[in-house]
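The values are calculated or read from the model by the stated rules, or taken from the named source; none is laboratory data. Remember, it's a predicted structure, so these values are computed and weren't measured experimentally. All Cβ positions, even for glycine, are placed from backbone atoms using ideal geometry, and neighbour counts span all protein chains on display.
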Amino acid sequence: QPATPKDYLERLNPEQREAIETTEGPLLILAGAGTGKTRVLTTRFAHILLTGRARPYQILAVTFTNKAAREMRERIGALLGEAVEGLWLGTFHAICARMLRRHAEYVGLTSSFTILDTDDQLRLVKQLMAPYRVDPKRWPAQGMLGIIQRWKDRGLTPERITPAEDDDYADGIASRIYAEYQARLRAVNACDFGDLMLHVVEILRTRPDVLAQYHRSFRYILVDEYQDTNTVQYLWLRLLAKREGAPSNIACVGDDDQSIYSWRGAEVENILRFEKDFPGAAVVRLERNYRSTAQILAAAAGLISHNSGRLGKTLRPGRDDAEGEKVRVIGVWDSDEEARVVGDAIETLRTQGHALSEMAILMRAGFQTRPFEERLVARGIPYRIVGGVRFYERAEIRDCLAYMRVLAQPADDLAFERIVNVPRRGVGATALQKLQLEARQRGISLTGVVSALLAEAALKGRSKDALGALMEAFSRARETLGAEGHVVAVEQLLEDCGYLQMWRDDKSLEAPGRLDNIKELIRALVDFGTLGAFLEHIALVTEGEETAGEDKVNLMTLHGAKGLEFDTVFLPGWEEGVFPSQRSMDEGGLKSLEEERRLAYVGLTRARKLATVLHAGRRRIFANWQDSIPSRFIEEIPSQHVAISGQTPFERRQATAAPSMFASGPLLARKPMRDRNVPSRPASPTPDIGVGERVFHQKFGYGVVTDVDVDRLQVLFEQTGEKRVMASFVEIVS
Ligand code: ATP
Ligand code: MG
C-alpha cells in the first residue's frame with residue numbers, strides 16, 4: 001500500500017515539513033542531534049518521488065556509512081510501499097566507484113580497474129622511492145603514502161601541486177613520487193581508495209560533457225552528515241550541484257557539534273561556507289529532539305556548551321512524555337569492576353524484558369572493548385561489535401596470538417604459517433610450500449623442519465637469514481620465558497621478530513590503534529600465571545562466540561555510533577587520558593580537546609532513555625595499576641542532570657578533605673596531568689633513553705637506567721632491583 005502524502009507528512013513538525021517541501025533551490029538543514037535530520041532527508045527523498053518531481057535515478061543521496069545507506073533504502077522502500085531499483089544512494093566512495101567505472105578511460109583506466117589495498121600501495125611507494133636513495137629509516141614509505149593520501153583528500157592531482165603545496169618530505173621528492181605513483185597505477189589499470197574521489201572530481205572538472213550529463217540526470221542532491229565532508233568530497237558535491245541555468249537543488253544536513261572526523265581531513269568550515277557557495281540558500285533549523293529524554297538532552301547541551309565557536313543551536317525536548325532519568329555517573333574501583341557493573345546492569349535490564357539490541361556500550365577507542373567482551377561472554381550475553389572486529393579476531397591480535405602459540409608450542413604449524421612472513425621476511429608462498437612438503441616427508445613440524453634445514457645448512461640466501469633470525473628470536477624468548485616469565489618473554493619476542501616495529505613504521509591511520517590493541521593484549525596476559533593458561537582462556541573466549549538470533553548488545557566506538565540510537569547507552573572510561581584521550585591532550589591543544597567533547601556529545605545523544613557514564617579509580621597501564629581521575633567532561637555536565645553513585649579511591653581521598661565533594665563548586669577536583677606520574681606517551685623505540693634516566697616499566701615499575709646496549713637497558717628498579725629490559729617497553733618518566 002503506497003503511502004499517501006498525508007500519511008508521511010503528518011507525523012512531522014512544521015520545520016521538518018518545511019525542510020521536506022522546500023524541494024527547489026539550495027537548502028541547509030542545521031540542527032542538533034536527534035532532531036530528525038536523517039528522517040527529513042529520507043522523507044524528502046520519498047516526497048520528491050511521490051510528487052513526481054523526479055525518477056528514482058535522478059536523485060543523488062550521500063550517506064556516511066554503508067549501514068546508513070541500507071537503512072535509508074529500507075525506509076524509502078517502506079514509505080513508497082515497494083523496493084526501488086537503480087538508486088544513486090550510498091557513501092561517497094561507493095557512488096564514486098560506480099561513476100569511475102563508467103568514465104575510467106578519461107583518466108587512463110579501463111572500466112575493469114582494480115582497487116589496491118594498503119599493502120600493495122606501500123610496496124609500490126617503496127619501489128618508487130628506492131632509486132632516489134633516501135634513507136628509509138628517516139623517510140619511511142608510509143610517511144610518503146600519508147602525504148599522497150592527504151593530497152588526494154584535498155583534491156590535488158600531481159599536476160595541481162604548486163611549489164607552495166609541495167612537501168619537503170624526503171628531500172623534496174614527494175610530488176615527483178606522487179606523479180610516478182599515479183603513472184604506475186595507470187599502467188597496471190589500478191587505483192587506490194583515494195583515487196575513487198580524486199579521479200571522478202578530475203573528470204568532472206575537465207570533461208564538460210560528462211559534467212553536463214550528470215547535471216541533466218541529477219535533479220536533486222541529498223547529503224547526510226555534511227559536517228564531516230573533506231575537501232575533495234566538497235568539490236565533488238559543488239561540481240554536481242552547480243548547474244548552469246538551473247537551480248542547485250542540493251539539501252545538506254549537518255550538525256557542527258557532531259563534527260568528529262577532522263583527523264581524516266573533514267572540514268567543518270564546509271557548513272559555514274554553504275550559504276556563500278550557494279547564494280540564496282534556505283536555512284532550516286530543527287530544534288525538537290525526538291530521540292532522548294529531557295534529562296539526557298539537558299545534560300548533553302550543558303556539556304557541549306563548553307565548546308567555543310559553535311554555530312549555536314537550540315535543542316528542545318520533542319517528546320512530551322519523557323522527563324526521564326538523570327544521566328547516571330558511576331565511579332567504580334577499577335576497570336574490572338567497570339566491566340562487571342556494566343555486565344550486571346545489562347543482565348538486569350534483560351531480565352526486566354528489555355531487548356539487548358536496544359543497549360550499546362560506546363567507547364573512545366577500539367581496544368577498550370576487550371574487558372566488556374570477556375564479561376559478556378562470561379555472563380552468556382550475546383553481543384556484536386559494530387563497525388569493527390571483535391577484539392580477539394583483529395588481525396594484529398591474531399598475529400600476536402600466533403607468535404605466542406609458536407612460543408608455547410613450537411609444533412603449532414597453523415600459527416607458524418600465519419607469522420612466518422609477518423612482518424615480511426621474504427618467505428613467500430613458494431618457500432612456504434617447500435617447507436610444508438619437506439615437513440610432511442620428514443614427518444615433523446614446520447619449525448622442526450626449519451631448524452633441521454638450518455642445521456644442515458640446506459637453506460640459502462634470504463630465506464636462510466630470515467628464518468635463522470626468526471628461530472633465534474623464538475629461542476631467545478624461550479630462554480626469557482624460563483628466566484623472567486611469560487610477559488617479558490612475549491614482549492621481547494614481538495620486539496625481536498620485528499612485529500611491533502612493523503606497526504610503528506606503518507603511518508596509516510589505523511596503526512596507532514593496532515599498537516594500542518597489542519598493549520591491551522599484553523595487559524590481559526598479565527592476569528594469567530602462564531602462557532598456556534592464557535592461550536587456553538583465549539581459546540574458550542573465542543570459540544562459539546557467534547550466538548544465534550539477532551538480539552545482541554552493541555559494542556562500538558563513539559565514531560562508529562554516529563547517527564545511531566539506542567534505548568540504553570553505557571559510556572565507560574570517562575577518565576582524563578582515556579577520554580579525553582591522552583593524544584588529544586598532548587598534541588592538539590584546544591582544537592582537538594573540543595573534538596573530544598563533540599565526541600562525548602555524540603555519545604550522550606545516542607541514548608533514548610538512559611545514559612550511564614562510568615569512570616574507574618584505577619586502570620592498568622601495562623602491568624601496573626595507575627590512579628586515574630574522572631574526565632573533565634563529567635564535571636561539565638550540569639549537576640542537576642546527573643545522578644552520581646559509587647566512589648573512586650581518588651574521591652575517597654578527596655572526601656576526607658572536603659566532606660561533600662558534590663555539594664558545590666567543581667564537581668570533581670582535577671589534578672594537572674604532569675603531577676600524575678603517569679608516562680604520558682606510548683613507548684617508542686627510543687634512542688634517547690640515556691643512563692641516569694628515570695623510567696617506568698610495565699612489569700617492574702619505576703627505576704633508573706644504569707646501562708644502555710642498543711635496544712636493551714640495564715635498569716635499577718625501585719621494587720625489584722637490577723634487571724635487563726627491552727628499551728621499547730620502558731617509558732621515560734619526567
Ligand atoms: P543525528 O544527529 O544523531 O544523526 P538526526 O537529526 O539525524 O540525529 P533522526 O535519526 O532522523 O535524527 O531522528 C531521531 C529520532 O527521532 C528517530 O527515531 C526518528 O524516527 C524520530 N523522529 C524524528 N522526527 C520525528 C517526529 N516529527 N515525530 C516523532 N519522532 C520523530
Ligand atoms: Mg542522522
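Residue-level check: of (1) at pLDDT below 95; (2) more than 18 Å from V578 (Cβ to Cβ), F367 misses just (2). Out of curiosity, is T35 within 15 Å of ligand 2 (Cβ to nearest atom), within 25 Å of L564 (Cα to Cα), touching a residue at least 60 places away in the same chain (Cβ under 8 Å) and surrounded by fewer than 20 Cβ atoms within 10 Å (Cβ to Cβ)? Here the answer is no, as T35 does not meet what is asked. If the condition is being of a type in the set (A, V, I, L, M, F, W, C) and surrounded by 12 or more Cβ atoms within 10 Å (Cβ to Cβ), then the stretch 130-142 contributes V134, W139, A141.
Count, please, the residues in the stretch 312-332 that happen to be over 27 Å from R285 (Cβ atoms), touching a helix residue (DSSP H, G or I) at 6+ places or on another chain (Cβ under 7 Å) and in a strand (DSSP E or B).
4
Of the residues making up the stretch 552-572, just one is more than 16 Å from ligand 2 (Cβ to nearest atom), under 18 Å from the mean Cα position of the chain (by Cα) and assigned to a loop (DSSP other than H, G, I, E, B), namely P572.
For the stretch 38-89, a tally of residues being touching a residue at least 60 places away in the same chain (Cβ under 8 Å), under 21 Å from D7 (Cβ atoms), within 16 Å of ligand 2 (Cβ to nearest atom) and among the basic types (K, R) returns 1. Within the stretch 14-23, the presence of a residue that is within 16 Å of ligand 2 (Cβ to nearest atom) and not in a helix (DSSP H, G or I) is excluded. Just one of the listed residues (L198, L145, L222) is surrounded by 17 or more Cβ atoms within 10 Å (Cβ to Cβ), of a type in the set (A, V, I, L, M, F, W, C) and closer than 17 Å to S508 by Cβ, and it is L145. A search for C-beta distances below 7 Å between a residue of the stretch 157-168 that is surrounded by 10 or more Cβ atoms within 10 Å (Cβ to Cβ) and any residue that is assigned to a loop (DSSP other than H, G, I, E, B), counting only pairs 6+ apart in sequence or on different chains, returns E165/L156. I'm checking my understanding of the structure. Among residues of the stretch 573-626 that are in a helix (DSSP H, G or I) and polar (S, T, N, Q), which one is surrounded by the most Cβ atoms within 10 Å (Cβ to Cβ)? Checked the stretch 573-626; the qualifying residue surrounded by the most Cβ atoms within 10 Å (Cβ to Cβ) is S584.
Matching residues to (1) at pLDDT below 90; (2) closer than 25 Å to M556 by Cα; (3) within 16 Å of ligand 1 (Cβ to nearest atom):
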residue: E24; (1), (2), (3): no, no, no
residue: L28; (1), (2), (3): no, no, yes
residue: A31; (1), (2), (3): no, yes, yes
residue: V40; (1), (2), (3): no, no, yes
residue: T51; (1), (2), (3): no, no, no
residue: A61; (1), (2), (3): no, no, yes
residue: F64; (1), (2), (3): yes, yes, yes
residue: M72; (1), (2), (3): yes, yes, yes
residue: L79; (1), (2), (3): yes, no, yes
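All of (1) over 24 Å from the mean Cα position of the chain (by Cα); (2) at negative phi hold for D171 with one exception: (2). If you go through the stretch 83-132 and keep only what is assigned to a loop (DSSP other than H, G, I, E, B), modelled with pLDDT under 90 and out of contact with any strand residue (DSSP E or B) (no Cβ under 8 Å at 6 or more places or on another chain), you end up with A83, V84, E85, G86, T110, S111, S112, D117. Considering the stretch 255-275, and only residues there that are charged (D, E, K, R) and modelled with pLDDT of 90 or more, the residue that is nearest to ligand 2 (Cβ to nearest atom) turns out to be D255.
Would you mind stating whether R70 is among the basic types (K, R), part of a helix (DSSP H, G or I) and within 26 Å of the chain's Cα centre (by Cα)? For R70, the condition - among the basic types (K, R), part of a helix (DSSP H, G or I) and within 26 Å of the chain's Cα centre (by Cα) - is met.
Of all the criteria given as (1) assigned to a helix (DSSP H, G or I); (2) closer than 19 Å to A281 by Cβ, the one not satisfied by A78 is (2).
Tell me, please, whether a residue that is β-branched (V, I, T), at pLDDT below 95 and closer than 20 Å to F633 by Cβ can be found in the stretch 314-325. Looking for residues that are β-branched (V, I, T), at pLDDT below 95 and closer than 20 Å to F633 by Cβ, one finds none in the stretch 314-325, hence no.
Scanning the stretch 278-309 for residues that are crowded, with 17+ Cβ neighbours inside 10 Å, more than 15 Å from ligand 1 (Cβ to nearest atom) and over 29 Å from L571 (Cα atoms) returns F278, A281. Checked against the criteria, A600 counts as more than 16 Å from ligand 2 (Cβ to nearest atom), out of contact with any strand residue (DSSP E or B) (no Cβ under 7 Å at 6 or more places or on another chain) and not polar (S, T, N, Q). Within the stretch 434-474, the residues that satisfy the criterion of being in a helix (DSSP H, G or I), among the small types (G, A, S) and exposed (fewer than 13 other Cβ atoms within 10 Å of the Cβ) are A455, G461. Considering (1) within 16 Å of ligand 2 (Cβ to nearest atom); (2) within 26 Å of R207 (Cβ to Cβ); (3) part of a loop (DSSP other than H, G, I, E, B), the lone condition that S292 does not fulfil carries the number (2).
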